[in-house]
């Protein structure tokens, strides 16, 4: 029959057990935070892509209404060449 742990040995065993539980909890929290960060990154990329498509549609619409490419490039902070690419796409 195994000898029961007493005194300092029992305290050390209990501390090791508590430490392992804490490490497991921290590991779980880190994993959840990483998942949230990954989801947030994907959401931001999707949002940026949507904003760019809306910008491109606005550029095309303004061009169709007769606004000059030079004016569009100044308004949107893009080169005239990029404005032309957007209009032709």
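Only the coordinates and a few stated rules stand behind these numbers; no lab work does. All values derive from a computational prediction rather than experimental measurement. Methodologically, a virtual Cβ is constructed for each residue, glycine included, from the backbone with ideal geometry; neighbour enumeration extends over all protein chains shown.
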> Which whole-number percent is the relative contact order of region 7-88 (Cα, under 8 Å, 6+ apart)?
Replying inline: 20
>> Starting from the 7 Å offset along Cα-to-Cβ, what nm value, one decimal, do you get for the label separation of residue 18 and residue 50?
In response: 4.8
> Which residue fluctuates the most in the chain, going by a Gaussian network model with Cα springs under 10 Å, if the choices are 72, 47, 15?
Replying inline: 15
> Want the number for residue 36 to residue 68: 0.36 nm per residue separation, take away the alpha-carbon distance, what's left?
Replying inline: 7.2 nm
> What is the Rg over Rh value, at two decimals, for the chain, using alpha-carbon atoms and the Kirkwood definition of Rh?
Replying inline: 1.64
> So what is the 222 nm mean residue ellipticity for the chain from helices alone, if each DSSP H run of at least 4 adds -39500 (n - 2.57) and you divide by all residues, rounding to the nearest 500 deg cm²/dmol?
Replying inline: -30000 deg cm²/dmol
